[in-house]
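The values are calculated or read from the model by the stated rules, or taken from the named source; none is laboratory data. What you see is a predicted model, and the numbers here were worked out from it, not measured in a lab. A quick note on method: Cβ atoms are made from the backbone with ideal geometry, for glycine too, and the neighbour counts reach across all protein chains shown.
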Amino acid sequence: MSAKVLKKFDRRFELNEESIRRIYSDIKKRVPEENHKEIIFEIFREDSLIYRTSEIDRIMSEDNDSTRKIKSIKIEYTDNNLKLEISFDSENGTQFSVSGEDRDAVYLLSSELKEYIQKEVANIPTPSAPVHKIFVFSFTIIALILLAYLLTKINNTENTEILKSILESNDTNEKINYLINSRDSKQNVSKPLFIMFVLPILLSLQLLIPFRKIFYFLYPGNIFLFGKQISIIANRRSTSKNIFWGGIVAFIIAISTGYYFFWLAK
């Protein structure tokens with residue numbers, strides 16, 4: 001009785017030498033030894049070159065740099081009893097198809113592939129809507145704090161100039177009126193101006209800033225860790241870690257500074 005199993009993985013993948021050799025080994029165990037050369041790798045590169053090979057070491061020898069970066073790897077095998085296709089694509093993620101006349105053989109191979117790929121290869125979380133909302137929310141909070149700081153700074157400068165003129169004045173009534181009204185004026189500092197500036201700026205920046213692309217750059221997935229991509233991805237992840245911790249420190253400083261100037265404005 002024939003059977004067919006299709007599986008598409010939701011998470012992004014990281015395919016390195018160890019993982020592709022493990023997948024290759026699992027396939028070889030389930031096909032006749034004389035057919036091992038029929039396990040074919042199809043490589044699609046950034047420079048539009050496509051080639052097919054049965055030698056896994058040929059893939060390991062790829063430069064995989066920015067101009068010849070691997071964009072997809074497809075593993076194929078076909079005989080009279082079994083048909084297999086596994087696809088690792090930088091845009092479409094990971095999926096495989098196993099079909100054949102022997103249902104037990106199909107289920108066994110598909111189960112092994114699914115378990116390994118799901119746990120060890122396609123295990124990088126794909127950002128969802130809440131993740132992007134966190135980016136937008138954090139950006140909005142920081143922008144509001146910075147704007148509040150600037151407005152407070154401007155008003156403190158204006159108040160300093162007014163206070164200087166009051167102190168130089170010989171009119172006692174003017175000084176008393178200033179002391180009475182100073183607290184109320186500080187509590188209502190440029191609120192319409194603040195709102196008028198904040199809303200259009202935040203809306204415009206949120207539309208212009210590609211939060212999703214930034215996330216994918218800092219936390220890469222659907223990647224082939226062969227050749228030069230090993231060092232490139234390692235550097236990018238190190239940078240993202242520094243940005244993450246630096247962002248937390250900057251956020252704490254911004255919150256503290258915003259609260260300080262908010263307290264001064266009271």
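Structure above, values below:
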| quantity | calculated |
| --- | --- |
| Residues (over 24 Å from the mean Cα position of the chain (by Cα) and among the polar types (S, T, N, Q)) located in region 1-18 | Ser2 |
| Residues that are in contact (Cβ under 8 Å) with a residue 60 or more places away in the chain and of a type outside the set (A, V, I, L, M), drawn from region 90-99 | Ser90, Glu91, Gly93, Thr94, Gln95, Phe96, Ser97, Ser99 |
| Strands (runs of 3 or more DSSP E) wholly inside region 61-119 that include at least 3 residues being hydrophobic (A, V, I, L, M, F, W, C) | 70-78, 82-89 |
| Criterion: of a type in the set (Phe, Trp, Tyr) and either modelled with pLDDT under 75 or loosely packed, with under 11 Cβ neighbours inside 10 Å (or both) - qualifying residue of Phe226, Phe251 | Phe251 |
| Index of the failed condition, Ser48 passing every other in (1) at positive phi; (2) in contact (Cβ under 8 Å) with a residue 60 or more places away in the chain | (2) |
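This table checks each residue for (1) free of Cβ contacts under 8 Å to residues at least 60 places away in the same chain; (2) of a type in the set (A, V, I, L, M, F, W, C); (3) under 22 Å from Ile233 (Cα atoms); (4) crowded, with 16+ Cβ neighbours inside 10 Å.
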site: Glu14; (1), (2), (3), (4): no, no, yes, yes
site: Lys28; (1), (2), (3), (4): yes, no, no, no
site: Ile39; (1), (2), (3), (4): yes, yes, no, yes
site: Lys71; (1), (2), (3), (4): yes, no, yes, yes
site: Asn80; (1), (2), (3), (4): yes, no, no, no
site: Phe88; (1), (2), (3), (4): no, yes, yes, yes
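For (1) closer than 22 Å to Ile223 by Cα; (2) surrounded by 13 or more Cβ atoms within 10 Å (Cβ to Cβ); (3) touching a Leu at 6+ places or on another chain (Cβ under 7 Å), each residue gets a yes or a no:
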site: Ser2; (1), (2), (3): no, no, no
site: Val5; (1), (2), (3): no, yes, no
site: Ser19; (1), (2), (3): yes, yes, no
site: Ser48; (1), (2), (3): yes, no, no
site: Glu55; (1), (2), (3): yes, no, no
site: Thr67; (1), (2), (3): yes, no, no
site: Asn92; (1), (2), (3): yes, no, no
